[in-house]
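Here is the structure we will look at, set down as structure tokens.
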Amino acid sequence: MASPWLVLLSVLVYGLVHSFLASLWAKVRARRWFGALADRTYRLLYNVFAVVSFLPVLALVGLLPDQSLYTIPFPWVLITSLGQITAVAALALGLFQTDAWSFLGFRQLVQPTALDQPATLVIKGLYRWVRHPLYTAGLVFIWLTPVMTVNLLAMNAGLTIYIVVGALFEERKLLREFGQAYIDYRRSTPMLVPGLVWRPND
């Protein structure tokens, strides 16, 4: 069946485009072409594009020939549903712990002076348990889906690869931004899985 491979390819292409637009190179070029307007609008437009450009991936999952793998029966589906609800709550909490309005791009739009404020390394709340709680919550949500098909499995696999690779690239950005403070933080805090600490060579 070619459908899952097409879904996986679409997710990986989405991830490449998304990562390119999140890169410092792309942001510098936008600033060079559009000046201060880019600083104020880039984050918001980036998020809008990320959502809209993912819709074709979802369309492929739903429209291409597919095959059911499993459906979690009652009462176990209550447990997975609770896990998904917890993941959504953790996602919302993680956003607000790092300034949700800035993450979404609204603060930069209405308060340009916020761009001049130094970034703060958040290590409390959910960030006390993992360095990337938003990614962890996303992974928990997609893998606890009560109905799994071949296409959905391909999409989840692609998203998992994208999230893990994205987290590794974000680590490099955070190291440049916070230096020794981030080195000390990652020595004691897992990247994605609570309790699983990987200590890279610093």
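Values quoted throughout were computed directly from the atomic coordinates according to the rules given, and no laboratory measurement underlies them. For clarity, every value in this text was computed on a predicted model and none was experimentally measured. So basically every Cβ, Gly included, is an ideal-geometry build from the backbone, and we count neighbours across all protein chains shown.
Only one of the numbered conditions (1) within 25 Å of R172 (Cα to Cα); (2) surrounded by 11 or more Cβ atoms within 10 Å (Cβ to Cβ) is not met by W25, and that is (2). Entry remark, the stretch 28-77: residues being more than 24 Å from E170 (Cα to Cα) and acidic (D, E) number 1 in total. In the stretch 60-76, the count of residues that are part of a helix (DSSP H, G or I), closer than 29 Å to P194 by Cα and more than 16 Å from the chain's Cα centre (by Cα) is one or more. Could you list, in sequence order, all residues of the stretch 64-108 that are in contact (Cβ under 8 Å) with a residue 40 or more places away in the chain and touching a Phe, Trp or Tyr at 6+ places or on another chain (Cβ under 6 Å)? Residues satisfying the conditions are Q84, A87.
Answer yes or no: is there a residue in the stretch 48-58 that is part of a helix (DSSP H, G or I), surrounded by 15 or more Cβ atoms within 10 Å (Cβ to Cβ) and either of a type in the set (A, V, I, L, M, F, W, C) or in contact with a strand residue (DSSP E or B) (Cβ under 9 Å, 6 or more places away or on another chain) (or both). Within the stretch 48-58 (the criterion being part of a helix (DSSP H, G or I), surrounded by 15 or more Cβ atoms within 10 Å (Cβ to Cβ) and either of a type in the set (A, V, I, L, M, F, W, C) or in contact with a strand residue (DSSP E or B) (Cβ under 9 Å, 6 or more places away or on another chain) (or both)), the answer is yes, since at least one residue qualifies. Taken together, M155, M191 contain a single residue that is aliphatic (A, V, I, L, M), part of a loop (DSSP other than H, G, I, E, B) and touching a residue at least 60 places away in the same chain (Cβ under 8 Å), which is M191. Looking at the stretch 1-22, which of its residues are buried (at least 16 other Cβ atoms within 10 Å of the Cβ) and among the β-branched types (V, I, T)? V7, V11, listed by residue number.
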